[in-house]
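Below: the structure, in structure tokens.
The values are calculated or read from the model by the stated rules, or taken from the named source; none is laboratory data. On a predicted model such as this, the values are computed, not experimentally measured, just so you know. Quick reminder, even Gly has a Cβ in these numbers, built from the backbone with ideal geometry, and neighbours come from all protein chains shown.
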Amino acid sequence: MIRSHLHENLFFFTNLISRYASLGSVSYAYRLFSSSGSSRDVFLYNVVIRGLVDNAHYREAMLLYCKMRRLGIAPDTYTFPFVLKACGFLGELGFGVKVHGDVVVFGYEGDGFTANSVVAMYGKCGRFDLCRLVFDKMPQRNVVSWSTVISVCSQNGKFGQGLSLFWEMLDKGIEPNRASILNAMACVRFEKDADDVWRIAVDNGFHAEQSVNSSAIGMYARCGRMDIARRLFDGIGDRDLLTWSAMIEAYAQAELPVEAFGIFNEMVSQNIIPDSVTILSVIRALSVLESFLHARTAMMIYRRVNENDIEKRKRRSSRDERKEA
């Protein structure tokens, strides 16, 4: 690359960094970025910040944003969403407020993508009041805007407000997407609401999707309708891990350990490998039985899952090292 002077081509250089970041080789991508000298523009910063955030290096993304600002490089609509996402994941409200200030200063307050990110950031930081204030001031709200604020409602225990916003969105003629359906389901606590939201999901063709079915199972379980939850589960042909886990968790919450363990055994017999979330649901369900045999079985599988996870991480780390060599 150096012999052919491709490193002097900013477009090629930026795409190369983006490629490494997308493959998870963040350290190598950052080293390339650091070697670029003074020929850095906002697009290059955006690529690196996004790569850091996508790979859960949130603090580093925030620090890079600070460096970018100190150098006088103006952020744009592709910068703010990822920096705000980093703030939200770390719960850095103070930093998030400063970034929101930059959004206003640089004139991106009316940009839908950026405004949605501000709403999500305040929600993750537990400031529903500020989240709602930003949402209410948005000149134009699309389905992503509504889905975001409904999600914030479910995260902050504002279930009634979340459902009210969902119905308001529909009243305004905005068609729901998968995210808005899932977020509305997360807000449901009563059977009538569950029936209404499920009807919307069916009417809009989302009832065939595994993620929606899994959420519906949990929704009806929370409402005490295990019969409906089980009927939905039985009606799913090709079940993925998420669906099995949802049914196990539903039985665990209903304190039906025998049923939970039965579903777990059926899942394992079909060669579906459980993850740690599934195992914890089984253990929680079995705890009310005080069954040593069942608990020991679950813990054995849990250890096996952890061993598999560790082995996968080792293999992934080894691949990354070979890429960077």
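Remark: pairs (first residue in the range 21-45, within 18 Å of Cys66 (Cβ to Cβ); second residue modelled with pLDDT of 75 or more and of a type in the set (Lys, Arg); Cβ separation under 9 Å; 6+ apart in sequence or on different chains) = Phe33/Arg40; Tyr45/Lys67. Assess whether Met185 counts as being of a type in the set (A, V, I, L, M, F, W, C), part of a helix (DSSP H, G or I) and closer than 20 Å to Glu249 by Cα. In short, yes. Annotation note: Cβ proximity below 8 Å between a residue of the range 114-132 that is among the basic types (Lys, Arg) and a residue that is modelled with pLDDT under 95 and surrounded by fewer than 23 Cβ atoms within 10 Å (Cβ to Cβ) (sequence gap 6+ or interchain) occurs for Lys124/Gln155. Of all the listed residues (Leu10, Leu52, Leu84, Leu44), the sole one being surrounded by 13 or more Cβ atoms within 10 Å (Cβ to Cβ), modelled with pLDDT of 95 or more and under 24 Å from Phe106 (Cβ atoms) is Leu84.
Within the range 237-257, residues that are over 14 Å from Val212 (Cα atoms) have Cβ atoms under 7 Å from residues that are acidic (Asp, Glu) and in a helix (DSSP H, G or I) in these pairs: Tyr251/Glu259, counting only partners at least 6 apart in sequence or on another chain.
Sub-7 Å Cβ pairs linking a first residue in the range 206-224 that is in a helix (DSSP H, G or I) to a second residue that is among the hydroxyl-bearing types (Ser, Thr, Tyr), at least 6 apart or interchain, are Gln210/Thr243; Asn213/Thr243; Ser214/Thr243, ordered by first then second residue. A search for C-beta distances below 6 Å between a residue of the range 262-283 that is buried (at least 16 other Cβ atoms within 10 Å of the Cβ) and any residue that is part of a helix (DSSP H, G or I) and of a type in the set (Asp, Glu), counting only pairs 6+ apart in sequence or on different chains, returns Ser281/Glu249.
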